Amino acid sequence: MPIEKFIKINSSAVPISIENVDTDQIIPARFLKAVERKGFGDNLFRDWRYDKTNKPIVNFALNQTKYAGQILVGGKNFGSGSSREHAAWAIYDYGFKVVVSSFFADIFKGNALNNGLLPVQLTQAELVQIFASIEDNPQATFTIDLQNQTFVLDASGSSFDFDINPYKKECLLNGYEDIDYLISLEKEISFFESNR
Amino acid sequence: MGHPTTLFDKIWDGHTVRSIDNGPSVLYIDRHYIHEVTSPVAFLGLAGRGLGVACPDRTTATPDHNIPTENQHLSIKDALSRNQVDMLIDNCQKHNIPLYGLNHKWQGIVHVIGPELGLTQPGMTIVCGDSHTSTHGAFGCVAFGIGTSEVEMVLGTQCILQPKPKKMRIKIDGHLKRGVTAKDVALYIISKITTSGGTGHFIEYAGAAIESLSMEGRMTLCNMSIESGARGGLVAPDELTFEYVKGREFSPKGMDWENAMEKWSVLKTDEGALFDKEYAFNAEDIDPMITFGTNPGMGTSITGYIPLSSSLEEGEKVSYEKSLEYMGFSGGDKLEGKTVDFVFVGSCTNGRIEDLREFTHFIKGKKKAQNITAWIVPGSKQVEAQAQEEGLVAILEAAGFELCQPGCSACLAMNEDKIPTGKYAVSTSNRNFEGRQGPGARTLLASPLVAAACAISGKITDPRQFLN
Ligand code: SF4
């Protein structure tokens, strides 16, 4: 599935200010039985979102109507644990285009990038400011500009820079996929293979 | 002679087809393990692009995550699980990929059967759509878990695009005390460097205490590397490694073995090679460990107390308290003596024959506590057969335990093996995340030895009490 181009986004955000959110929480294992990449958004944060009788847990951010938007803001060390790409699929399928945290687990970050979901890594102090701004005003909007690598708090105009690998940035801006690049190297790969 | 190089660099650089400026490396993959859960979407993707599998002979498949641990000769009851396993069979047939399916004598958890069959060999690059692929680092491999998009890349091109991780070395010198195993070393390290301490890095484990570990122990240790956030961990291969690999089903034979040994003998970090980060711990400081929270870094010595949240930094308190609430514990509690309900022995961390031996020797002549439900799940068919042959099954049965059939089982509870809500499980697996072993389940990670002590006393127990 080709990935959607990512250029710029302006949106409000949903805050989940918990540290070490692991991919078992993002999508519990019992929802990994599908053989197609469809419908994972329904079970995003399933056990934090619904109780045992499938009633929404009102305190959880995804169930609070005051929070909405394409930006998910998570606590430090987001996406640790299992390599399941279903976690990135679920977040994207739910409607998020950006995940913000002060620290991402490696495999999650890679999986997100491979699916057009932009992981924006900021400093802990910047993250705290973002959480505070959402708490102040849940409708607060933010602008993420990939070309300039900036995260802007629209209300105050504060702008935070973020890092992204230049290769991955090109891929996202253009909707390129890694596999197409690898396929283009077919000859080089066979040459490597026969010369080792 | 070039400048001193780490083992990790030697393997990585030796497999780099090309490096993109300011970007990832194109890494050639020697061995690709696949299972039923993270591969179907990858095969769909391949079909959508009209691609085939580049190197079926470098790929090995087995169902493990989603299968029942009883009546494996019958059709799988759960329709969705059955569908995933059937898809794996289908995809392997279509692409000529060797598959060790249910009831095959080589079936088992991917990370158990790879080494067991001699498919995992020193100096290889190994990937699998599963984060505990780090297990294979025990053989001096660069082995790491990948996502499904990457599974598709490897199937299609035998290569992967990966940013090169930084290098970390963790040295453990000295002698491990009695009753202290590789699992305790792993839990100890993670409790010290935290679950994000290894992020962005590949770890080399070194030092006398590491060298003294068996191959099974090294696998347990490398397996848990991912729980510190690291991409993987490795141990330089030595005589013990070569001896383990020799004579296995797919290991090199005759002249090929001689050639391989020559190649493998240089697989070490050169004196003076630089690491981005180094840690040193002392083996004598490590006790049997157990976790009390909802990430593997929340562990302590089995005789320890749960830390008070007041001892933590402000930002960490909310998550910490949420975690203790989930576990039904309070800061300041002593762990020893707390009642537990379940004991799970198995998984790619501690489901190998040595783990079953350790557990069995401990419980021999004792009885399972009344309040304990125990699930003893071998990591593979071969482990199961060996446990039978060595008489372990008979000892287990005499003590009130029975052996299930191999698979991931309650490690991730995708099948029926779920710990019920609110129940405490001492588990030899690798993750104590909320709901990992079933919705509402409360997991305490520990070694097979600690699990054995808990299984016979029905509560958290220091196994050293029984060791003379
Ligand atoms: S045993 Fe557990 S950790 Fe290991 S591969 Fe299976 S599910 Fe993953």
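The values are calculated or read from the model by the stated rules, or taken from the named source; none is laboratory data. Just so it is clear, the structure is predicted and the values come from calculations on it, not from any experiment. Positions of Cβ are backbone-derived with ideal geometry, glycine not excepted, and every protein chain shown enters the neighbour counts. In case anyone asks, the SASA skips ligands and DNA or RNA and just uses the protein heavy atoms, side chains included. Shrake-Rupley method; radii C 1.70, N 1.55, O 1.52, S 1.80 Å.
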- Flagged in region A:145-172 as among the hydrophobic types (A, V, I, L, M, F, W, C) and within 14 Å of chain B (Cβ to nearest Cβ), in numbering order, are A:164, A:171, A:172
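Do you know which of the residues in region A:46-61 that are away from chain B (no Cβ under 11 Å) and closer than 26 Å to residue A:102 by Cβ is nearest to the ligand (Cβ to nearest atom)? If you could, list the steps in order and put the result at the bottom.
Taking region A:46-61 as the starting set, the residues that turn out to be away from chain B (no Cβ under 11 Å) are A:49, A:53-61.
Applying the additional criterion that residues be closer than 26 Å to residue A:102 by Cβ yields A:49, A:57, A:59-61.
Numbers: A:49: 23, A:57: 27, A:59: 30, A:60: 26, A:61: 28 Å.
The extreme case among them is A:49.
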- Message: Every residue in region A:73-96 that is away from the ligand (no atom under 16 Å from the Cβ) and either in contact with a Ser or Thr (Cβ under 8 Å, 6 or more places away or on another chain) or among the aliphatic types (A, V, I, L, M) (or both), please.
- Response: A:73, A:74, A:75, A:76, A:77, A:78, A:79, A:88, A:90, A:91
- Query: Picking from B:395, B:419, which residue would you name as being outside the structural domain of residue B:118 (by TED's automatic domain parsing) and touching a His at 6+ places or on another chain (Cβ under 9 Å)?
  - Reply: B:395
- Query: Exactly one of (1) among the aliphatic types (A, V, I, L, M); (2) more than 23 Å from residue A:69 (Cβ to Cβ); (3) more than 14 Å from every other protein chain (Cβ to nearest Cβ) is unmet by residue A:185. Its number?
  - Reply: (3)
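This table checks each residue for (1) in the same structural domain as residue B:215 (by TED's automatic domain parsing); (2) of a type in the set (Asp, Glu); (3) more than 30 Å from residue B:107 (Cα to Cα).
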{"site": "B:321", "(1), (2), (3)": "no, yes, yes"}
{"site": "B:325", "(1), (2), (3)": "no, yes, yes"}
{"site": "B:346", "(1), (2), (3)": "no, no, no"}
{"site": "B:361", "(1), (2), (3)": "no, no, no"}
{"site": "B:365", "(1), (2), (3)": "no, no, yes"}
{"site": "B:375", "(1), (2), (3)": "no, no, no"}
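Residues are listed down the side, and each one gets a yes or a no for (1) touching a Phe, Trp or Tyr at 6+ places or on another chain (Cβ under 8 Å); (2) among the aliphatic types (A, V, I, L, M); (3) open to solvent by 30 Å² or more (accessible area, probe 1.4 Å); (4) in the same structural domain as residue B:376 (by TED's automatic domain parsing):
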| site | (1), (2), (3), (4) |
| --- | --- |
| B:35 | no, no, no, no |
| B:53 | no, yes, no, no |
| B:57 | no, no, yes, no |
| B:75 | no, no, yes, no |
| B:119 | yes, yes, no, no |
| B:128 | yes, no, no, no |
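Residues being outside any helix (DSSP H, G or I) and under 20 Å from residue B:5 (Cβ atoms): count how many of those fall in region B:221-268. Please lay out each step first, then the result.
Kept after step one, since they are outside any helix (DSSP H, G or I), are these residues of region B:221-268: B:229-238, B:246-253, B:265-268.
This time we only want the ones that are under 20 Å from residue B:5 (Cβ atoms), so: B:230-238, B:265-268.
Counting residues in region B:221-268 that are outside any helix (DSSP H, G or I) and under 20 Å from residue B:5 (Cβ atoms) gives 13.
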- Message: Checking residue B:225 against (1) surrounded by fewer than 24 Cβ atoms within 10 Å (Cβ to Cβ); (2) within 26 Å of residue B:452 (Cβ to Cβ); (3) within 13 Å of another protein chain (Cβ to nearest Cβ), only one condition comes out false. Which one?
- Response: (1)
- What tally of residues in region B:168-195 results from selecting those that are surrounded by fewer than 22 Cβ atoms within 10 Å (Cβ to Cβ) and small (Gly, Ala, Ser)? 3
- Message: Are there helices (runs of 4 or more DSSP H) fully within region B:343-417 with at least 1 residues that are more than 16 Å from the ligand (Cβ to nearest atom) and closer than 27 Å to residue B:225 by Cβ? List them.
- Response: B:353-363, B:381-389
- Task: Please report, ordered by residue number, the helices (runs of 4 or more DSSP H) entirely within region A:98-196 with at least 3 residues that are among the β-branched types (Val, Ile, Thr).
- Result: A:124-136
- Message: Can you pull out every residue in region B:370-428 that is more than 24 Å from the chain's Cα centre (by Cα) and open to solvent by less than 50 Å² (accessible area, probe 1.4 Å)?
- Response: B:372, B:391, B:395, B:399, B:400, B:422
- Query: Can you tell me which of A:79, A:69, A:74 is farther than 14 Å from residue A:118 by Cα and either touching a residue at least 24 places away in the same chain (Cβ under 8 Å) or more than 10 Å from chain B (Cβ to nearest Cβ) (or both)?
  - Reply: A:69
